[in-house]
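The block underneath contains the structure these notes are about, expressed in C-alpha cells.
The values are calculated or read from the model by the stated rules, or taken from the named source; none is laboratory data. Worth saying up front: this structure is predicted, and the values here are computed from it rather than measured. Here the Cβ positions follow ideal geometry from the backbone for every residue, glycine too, while neighbour counts run over all protein chains shown. Please note that ligands, DNA and RNA were not included when accessible areas were found on the heavy atoms of the full protein model with its side chains. Shrake-Rupley method; radii C 1.70, N 1.55, O 1.52, S 1.80 Å.
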Amino acid sequence: MHGAPVDVLVAGAGPVGLTAAIELRRRGVGCRLVDRLPERMPYAKAVGIQPRTLELWDRMGLVRAVLDAAIPMRGQLVYVDGRERARVEMSLPANVPYGFAALPQNETERLLEEFLARFGTRIERSTELVSFAQDPDGVTCRLVGPDGEEEVRAGFLVGCDGAHSTVRKGLGLGFEGGAFPEEYMLADVVVDWDLPHAYGVRSLHHDANGALDDLLVCIPLPGPGRYRASMLVPPELSAPPAGGDGVVHGLEGGRAPGLSHVQAVLDRLAPRPATASGLRWSSVFRISHRIVDRYGDGRVFVAGDAAHIHPPTGAQGMNTGIQDAWNLAWKLALAVDGTAHPRLTASYDAERRPVGEEVVGRTVRHANQGVPGDAGDLTTVLMREAQLLVGYPDSPLVRPAGPDGAGPAPRPGDRAPDCDGLIGRIENRPVRLHELLRGSEHVLLLCADGPQAPCVPELAALTGGLPAGRLTAYAVLTEGGTAPAWAPMPVYLDGRGEFRRVYGVREPTAFVVRPDGHLGARLCPPTAGELSAYLSGVFAD
C-alpha cells in the first residue's frame with residue numbers, strides 16, 4: 001500500500017518526537033508522527049524539566065499547562081555515609097523566567113500530545129518504521145502498522161526512536177561509547193518521611209576502601225509524598241544484560257522490583273525514618289554512554305536518545321533531546337517551503353553534536369565523581385544544569401560579533417537572555433523581552449538612542465523584503481522619554497536601562513534572535529548590508 005506523500009515523517013513519539021512534530025505543525029509543515037507502541041507508557045522515566053525547556057515551551061504556547069501540572073524543584077539534600085553533606089538551593093538569577101521543575105514523563109507526553117492535536121495531528125500508534133531509502137529528492141519509508149505494510153514518500157525523515165534507533169542503524173551512523181557495569185532499579189513510590197517534598201534527596205554509602213557501594217536518589221513528583229526513586233539492584237534481581245544490538249541502555253522487562261526492595265534501600269540509606277507505599281511502577285534499567293558520529297545525512301536526521309545516551313545525572317537527556325528537536329524543526333520548516341539556504345539543515349549537526357558531546361562527557365563525570373557545588377561556582381553549575389549556557393559560537397550560521405559590548409554581554413550563538421522593564425506605546429505595564437519573542441520566527445531587536453536614529457528606517461525597509469512572518473522587528477529605545485505614536489517598526493522604551501545593561505549596549509546595536517531563542521548576529525553598527533549578509537546565510541536567495 002502506498003500512502004500519501006508527506007513533508008516530514010517523525011519516527012518515535014516520546015517527548016523529543018512530539019516536540020519535533022509540534023514545531024513543524026506550528027509552522028504549517030505537513031507531518032506524520034508514528035510510534036511502534038500501542039499506547040503511551042505509564043512510566044515516570046525522565047522527570048526533571050529544565051528552565052531552558054520551559055522557555056522553549058513558552059515560545060511554543062504550552063508552558064502554562066506544564067506549570068499547572070508540574071511541581072517545583074527547590075533544591076537537593078545530599079547525604080554521604082549517613083551524614084548530611086550539602087543542602088543545595090537551586091536558585092537562578094532574577095532575569096531567568098523559570099525555575100527547575102519535575103513532572104513524570106508520561107504526563108509530559110500527555111500534555112505534548114494534547115497540544116499537537118490542536119494542529120490536527122495525532123500519533124499513529126502501533127506503527128513502526130522498518131526501513132527507508134533516500135535520494136536527492138526525498139526519503140522512501142516503509143511502515144508496518146495495524147493495516148499492514150505501507151510505503152510513504154517523505155521530504156525528510158527524523159528519527160526520535162530511542163537508544164535502539166532504526167533510523168540511526170539505517171544511516172549506518174557510528175555510536176561509540178561504553179556501558180556502566182551497575183544495574184539500577186527505578187520506582188514511582190510514596191515515601192513517608194519528614195524531609196521537605198520540593199527537594200531531591202541523594203544518599204550515598206561507601207565501603208571500607210572508599211568505593212561507592214550503595215545509593216538512593218529520590219526526585220519529587222506531583223502528589224503527596226510521591227517520588228521517583230533510583231537505587232542499585234539487589235543480587236536477587238541481578239541478571240546479565242539482554243542481547244540484541246549491543247546497546248545496553250534503558251528499561252528491562254521481567255524483573256520489576258517490589259515494595260520490599262524499595263523499603264530495604266530506605267532502611268539502609270534514608271536520612272530519616274521512612275516508609276514506602278503506593279508503588280505505581282518499578283523497573284530495572286542499565287546505563288550506557290554513547291554518541292553518534294553525525295546527527296544526520298542528507299534528508300535523514302536523528303535526535304534525542306537516537307543520537308546520544310548517557311547517565312540520567314542532572315536530568316539532561318530528555319531536555320537535550322527537546323532542544324535537538326527545536327533546533328532541527330525550524331530549519332526543516334524553511335527547507336520544506338523552499339526558503340532555506342542550502343547549508344541550513346546541515347548546521348543541525350554542527351550545532352547540536354558538540355552539545356551532545358559535552359552533555360555525555362559531563363554526565364559521565366558527574367556519575368563517577370558527583371556534581372560540583374562549591375559556593376563560589378554554584379551559580380555557574382546551576383546555569384549549566386539548567387541548560388541556559390548552551391550556545392553555538394562556532395556555528396556556520398552565526399555572524400561573528402564586532403568589538404563592541406560591555407562586560408559579559410551575550411555573543412552570537414548564546415541564548416538570548418530575558419530582561420524586564422520594556423515599555424510599549426499601548427501596554428499599561430512593563431513587558432519582558434521574552435514576551436516579544438514568544439511565537440515568533442526570527443526577531444530583529446534594534447537598540448538605538450531615539451526614534452530618529454538613521455538605521456531605523458533603513459533596517460525596517462530591509463525586513464519588509466522577506467517572506468511574510470519570517471522576521472519581526474522591534475526598536476528598543478534607550479532615550480527619548482516617550483515612544484512615538486508612529487514608527488516604521490513597533491517601539492519599546494528601555495525604561496529601566498535593563499536591556500542596555502544585560503545586552504552590553506553602548507552604541508546603536510542590532511541583534512537577530514533565531515526561532516530557538518539563540519542570538520544569530522550582533523550588528524554594531526547596525527547597517528542594512530550587515531543584516532542582509534547574515535540573513536543570506538539563513539534564507540535562500
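Numbers at a glance
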item: Per residue solvent-accessible surface (Å²) - region 1-81, probe of 1.4 Å; result: 35
item: Average accessible area per residue (Å²) across region 259-324 - probe 1.4 Å, nucleic acids and ligands excluded; result: 32
item: T380 paired with E435, simple spin-label distance in nm, labels 7 Å along Cα-to-beta-carbon; result: 3.4
item: Segment D267-A350, extension gain: residue separation times 0.36 nm, minus the distance between their alpha carbons; result: 25.1 nm
item: Nitroxide proxy distance, nm - points 7 Å out along Cα→Cβ at T527 and E507; result: 1.2
item: Label zone at S131, where the point sits 7 Å out along the Cα-to-Cβ direction: region 141-164 residues whose backbone N lies under 16 Å; result: 141-145, 149-153
item: Helix 105-117 axis, angle to the chain major axis (alpha carbon atoms, nearest 10°); result: 40
item: Potential extension, L212-V190 segment - 0.36 nm per residue separation minus Cα distance; result: 5.4 nm
item: Mean ellipticity per residue at 222 nm, deg cm²/dmol - from DSSP H runs of n ≥ 4 across the chain, formula -39500 (n - 2.57); result: -7500 deg cm²/dmol
item: Which label in (i) 23.5; (ii) 24.7; (iii) 25.8 gives the computed Kirkwood radius over Cα pairs in Å; result: (ii)
item: Per residue accessible area of region 140-247, 1.4 Å probe, in Å²; result: 42
item: Cα centroid of region 166-195 to Cα centroid of region 523-540, whole Å; result: 43
item: Percent RCO, i.e. relative contact order, over the chain, from Cα pairs under 8 Å lying at least 6 residues apart; result: 15
item: FRET efficiency, 1/(1 + (r/R0)^6) with R0 22 Å, evaluated for R280 and S260 via beta carbons; result: 0.90
item: Residue-span extension gain [E236 to F180] - 0.36 nm each, minus C-alpha spacing; result: 18.2 nm
item: In Å², nearest 10: area of D68 left accessible to a 1.4 Å probe; result: 110
item: Degrees separating the helix 51-60 axis from the principal Cα axis of the chain, which is the longest one; result: 50
item: Order of exposure, largest accessible area first, which applies to L67, L157 with probe 1.4 Å; result: L67, L157
item: The chain - percent of accessible surface contributed by carbon and sulfur, probe 1.4 Å; result: 51
